[in-house]
1. Kindly indicate whether Gly187 is surrounded by fewer than 14 Cβ atoms within 10 Å (Cβ to Cβ) and assigned to a loop (DSSP other than H, G, I, E, B).
2. Does Val267 satisfy being closer than 21 Å to Ala138 by Cβ, among the aliphatic types (A, V, I, L, M) and in contact with a helix residue (DSSP H, G or I) (Cβ under 9 Å, 6 or more places away or on another chain)?
3. Mind listing just one residue for me: the one in the range 26-48 that is closer than 15 Å to Ala107 by Cβ and of a type in the set (Gly, Ala, Ser) and, of those, surrounded by the fewest Cβ atoms within 10 Å (Cβ to Cβ)?
4. Condition first: modelled with pLDDT of 95 or more, within 16 Å of Cys239 (Cα to Cα) and hydroxyl-bearing (Ser, Thr, Tyr). Can you find one or more residues in the range 2-10 that meet it?
5. Every residue in the range 176-212 that is in contact with a strand residue (DSSP E or B) (Cβ under 6 Å, 6 or more places away or on another chain) and charged (D, E, K, R), please.
6. Starting from residues that are within 19 Å of Glu19 (Cβ to Cβ) and part of a helix (DSSP H, G or I), keep the ones in the range 142-183 and report whichever is nearest to the chain's Cα centre (by Cα).
7. List pairs: first residue in the range 149-170 and under 29 Å from Arg183 (Cα atoms) and among the β-branched types (Val, Ile, Thr), second residue in a strand (DSSP E or B) and at pLDDT 90 or above anywhere in the structure, Cβ distance under 8 angstrom, at least six positions apart or on different chains.
8. All but one of (1) under 20 Å from Arg269 (Cβ atoms); (2) within 19 Å of the chain's Cα centre (by Cα) hold for Pro188; state the number of the condition that does not hold.
Amino acid sequence: MSRALPVTSAYSLTLAAEEAPVDLGAWVSEATEGQRFRRINRFIQLALIGAHRCRQGDAAAWRSTQPIVIATGQGNIADTTEMVESVVGRGLPPMPFQFINLAGNMAGFYLAQSLGAESANTTVSQLDFPAEAALQIAAEEHAGHGAALLGAVDELVWPLDAHRRRVGCPPDAPVGEGSHWLRIGDGPVLGWIEPPVYCADEAELEAVLQGAGVDVVIRTPGQNGGVPAHDTAAAAHWCGFLRNGPAGAQMAHVSAGADGRRALVRVTRAR
């Protein structure tokens, strides 16, 4: 357990796709205890809900100086899609707030502002292993600062058929969006999470798993366990096991990359 990071709070919100998007305005207001935000997009709303709910799960141990790390596969994809279609397809100038919200770390700005954070603030975006990459950074931040807030956020874009084509999902694939957060640091723990181990292929992964001594193995994509597909779904499984897994049990979560690589993250539930 020498590499294991103590997790004191975990929160996960997963929304399965519906015919129209669920209005998140009231959820944001409740999670942030009535704070007001002007012209924020859906991606930022999801981030605010998850981060504030995670903080409420461990308010006593909260530090304004703990770094924030956000993972995302697609980022602000809804506003990006709309702006590209507007500018390229219709020849219109971009709307100011929409353009501003496309900046890579605007969600991080609103989190820092609303949480009163005075710390490093990083967003990681990549198609393969975004949550795992952010976990690695959070581990380094924890080593230097004693705490870190790790989040993983992805949003849907309607219409859903176009979204499935855009992200490479089959036409009938269950898709969703989510906001999944862990607070790593001191205090009473839910459990522990280890930084990712990367394997070149399935054969190398199997060799690692043989000596891992884990109780359950979950794979994404594949054994989604009811979690609809989105790029940071791995973090939903981490949070779910930390909150609801059997006491003392260990889970190995495996994500598959497009190039055949595997990323293994081990999560242990406290007794």
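1. So Gly187 does not fit the description; no.
2. Details: closer than 21 Å to Ala138 by Cβ: yes; among the aliphatic types (A, V, I, L, M): yes; in contact with a helix residue (DSSP H, G or I) (Cβ under 9 Å, 6 or more places away or on another chain): yes.
Considered against the rule, which asks whether it is closer than 21 Å to Ala138 by Cβ, among the aliphatic types (A, V, I, L, M) and in contact with a helix residue (DSSP H, G or I) (Cβ under 9 Å, 6 or more places away or on another chain), Val267 comes out as yes.
3. Among them, the one singled out is Ala31.
4. Checked against the condition, which is being modelled with pLDDT of 95 or more, within 16 Å of Cys239 (Cα to Cα) and hydroxyl-bearing (Ser, Thr, Tyr), the range 2-10 yields at least one hit.
5. Residues satisfying the conditions are Glu177, Arg183, Glu194.
6. Val167
7. The qualifying pairs are Val153/Ile70; Val153/Ala71; Val153/Thr72; Val153/Gly178; Val153/Ser179; Val153/His180.
8. Condition (2) is where Pro188 drops out.
The values are calculated or read from the model by the stated rules, or taken from the named source; none is laboratory data. The shown structure was predicted, so the numbers you read here are calculated from the model rather than taken from an experiment. Cβ: placed from backbone, ideal geometry, glycine included. Neighbour counts: every protein chain shown.
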